[in-house]
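Below is one structure, written out as structure tokens, with a few remarks after it.
The values are calculated or read from the model by the stated rules, or taken from the named source; none is laboratory data. Not measured: the values here are computed from a predicted model. Note: ideal-geometry Cβ built from the backbone for every residue, glycine included; neighbour counts use all protein chains shown. These accessible areas exclude ligands, DNA and RNA; they are computed on the full protein's heavy atoms, side chains included. Shrake-Rupley method; radii C 1.70, N 1.55, O 1.52, S 1.80 Å.
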Amino acid sequence: MRLRLPRPCRQTPSPSLRPGGAPSPATPRARRTRVVCGVLLAPVLAGCFASGGDTQEGDAQGARRLRVALAFPPAERLSPYGADATILSRLGVTEGLTALDGNGAAAPALARSWRRDGDRAWVFTLREAAFQDGGDVTPAAVVTALTHAAEARPAPAALSGVTLTATAEGGRNVRITTGRPDPILPLRLSSPGLAVLSQKAYGPDGAVDPLGTGTGPFALTKVTGATAAALDRFDDYWGGLAQAPGVDVRFIADGTARANALRTGEADIAEAIPVAQAATLDEATRRETATTRTTGLLLNSASGPFEDPALRAAARAAVDTSGLAEDIYESHADPGAGIYGPAVTWAEGKHLEPAGRAGPGRPDGAAVTLATYDNRPELPEVAQVLKQQLERAGFRVRLVVREYARLESDALAGKFDAFVLARNSLVDTGDPVAVLASDYSCDGGYNLAQLCDKDVDRAVAEAEATADPARRQDAALAAEAEILGTDAVVPLVHQRVITGVGTSVKGVLLDPYERTLVGTGTRR
């Protein structure tokens, strides 16, 4: 990725917008002036998203650039293959062949239709679309993108346990063949981690550069390290011309600073407002969304004290979740019921009781390292409560709190004994089984619990092989029970996310999967 050094706030001329494929206003677009800001320091807001007044931020029709405060700085240089993929999808930069609709079903995106061809193959028909660097979205380009994703290491979470081969077929078709029957491939391809980028995005060393290579309504034009990014409207977007001329992003890990940015008018949209700050915002600027996100305690089952099932059981028995939702989350969360929470409506009331759990052992002063991140400010509070509970049970606990970007690699490497994680169970594919495969199977690419259990793998494999949606859900719940029976994860709470939205902003995209935020209709 090309990174540019931060500069002081200055005004720069922006090229006139060329006509796109979507209908455009009759009035010609004049050259417009936009403002580029330097580094925004957190938690103190030093500077601004834009200076010089709103008229200098707009285009000839008076539309103004959006100012967005995001909680999570890029952890992997905005690679689409890891956690950064959702940053790109939420900002309208990238798309896959499919998307998720409001009911969690696969919907057309870069593919306008698809059909199954035998047990292991699907044929996707592409729509007419363009890349932000000027090239066309062709079957060959899609094959290149999916081949790079399939060869990435670690694999994108959506491809955990899945092998696929893509080939161009006919004028607008792409054939995708999987190593074994995959009844939910259209859902899988909706994952932000399987976004289709142009050939220019893929470097010879495996690095992926999303600057100007996506297909969404906004093109990423500049990234300032882990502090800021700028996006401009992509005029040739197949889905219609975006109403905002661009987006200025600041990555602000401190939740209080994000709330302050919204309250003082420095930001138009601020994600993940801490519950402690919610009351400080005007009610008209608070949007609460029930999500499929579960906060859980993950215990390292491969090394350290929690390799012993009896000590994992002791930790699970020591944890009291009854007050977390009401006290720390101030009733903006629900008590933990399982890997799937109340927003996963088909799971409510159908969770199975875990069987075969080990009996709690005696910690006898076992030393453990408990880690979490402060991008979601409730998590350190949760971790502090868990530390006290575990210590009362006889563990010696060292607490580590950092930004997520500085924790992820260590967590994936199993360097912590326990980890408090807020995880959206359906974000990767919309399929309830995918998160089980990626997070809890032996070959899972996001297995922070380092779990490798033959009974869990068997249950997950059975669920993956089930095509009927209702039976697949039942199989997912059976696999959930197997996972909970290992005590490698202790569900704590199911979150409702608070997003701060300025009163002048319209068209913000809030969904339970937390994949979208800014789209063609988002404006101020």
Among the residues in segment 419-435, are any without any contact (Cβ under 8 Å) to a residue 60 or more places away in the chain and either touching a Phe, Trp or Tyr at 6+ places or on another chain (Cβ under 6 Å) or surrounded by fewer than 24 Cβ atoms within 10 Å (Cβ to Cβ) (or both)? no
Members of segment 359-385 found to be touching a strand residue (DSSP E or B) at 6+ places or on another chain (Cβ under 6 Å) and either at pLDDT below 95 or outside any strand (DSSP E or B) (or both), listed by number: Gly365, Asp374, Arg376, Leu379, Pro380, Val382, Ala383
Given (1) in a helix (DSSP H, G or I); (2) in contact with a strand residue (DSSP E or B) (Cβ under 8 Å, 6 or more places away or on another chain), number of the condition Val427 does not satisfy: (1)
The residue from Val385, Val368, Val344 that alone is more than 28 Å from Thr429 (Cα to Cα), surrounded by 15 or more Cβ atoms within 10 Å (Cβ to Cβ) and out of contact with any Lys or Arg (no Cβ under 9 Å at 6 or more places or on another chain) is Val385
Within segment 144-163, can one find any residue that is open to solvent by less than 30 Å² (accessible area, probe 1.4 Å) and hydroxyl-bearing (Ser, Thr, Tyr)? yes
In segment 283-311, the residues that are farther than 30 Å from Gly430 by Cβ and not in a loop (DSSP other than H, G, I, E, B): Glu283, Ala284, Pro305, Phe306, Glu307, Pro309, Ala310, Leu311
State whether the residues of segment 394-407 include one that is touching a helix residue (DSSP H, G or I) at 6+ places or on another chain (Cβ under 7 Å), open to solvent by 60 Å² or more (accessible area, probe 1.4 Å), in contact (Cβ under 8 Å) with a residue 60 or more places away in the chain and not in a helix (DSSP H, G or I). no
For segment 112-122, give me each residue that is under 27 Å from the mean Cα position of the chain (by Cα) and either without any contact (Cβ under 8 Å) to a residue 60 or more places away in the chain or farther than 11 Å from Leu185 by Cβ (or both). Arg112, Ser113
In the list Gly171, Gly193, which residue meets the criterion of being of a type outside the set (A, V, I, L, M) and within 19 Å of the chain's Cα centre (by Cα)? Gly193
Give the residue that is most open to solvent (accessible area, probe 1.4 Å), with candidates limited to residues of segment 463-496 that are modelled with pLDDT of 95 or more and of a type in the set (Asp, Glu). Asp474
Residue hits (segment 440-456; open to solvent by less than 10 Å² (accessible area, probe 1.4 Å) and closer than 13 Å to Ala479 by Cα) are Val456
When you check Asp455 against the structure, is it in contact with a strand residue (DSSP E or B) (Cβ under 8 Å, 6 or more places away or on another chain) and assigned to a helix (DSSP H, G or I), yes or no? no
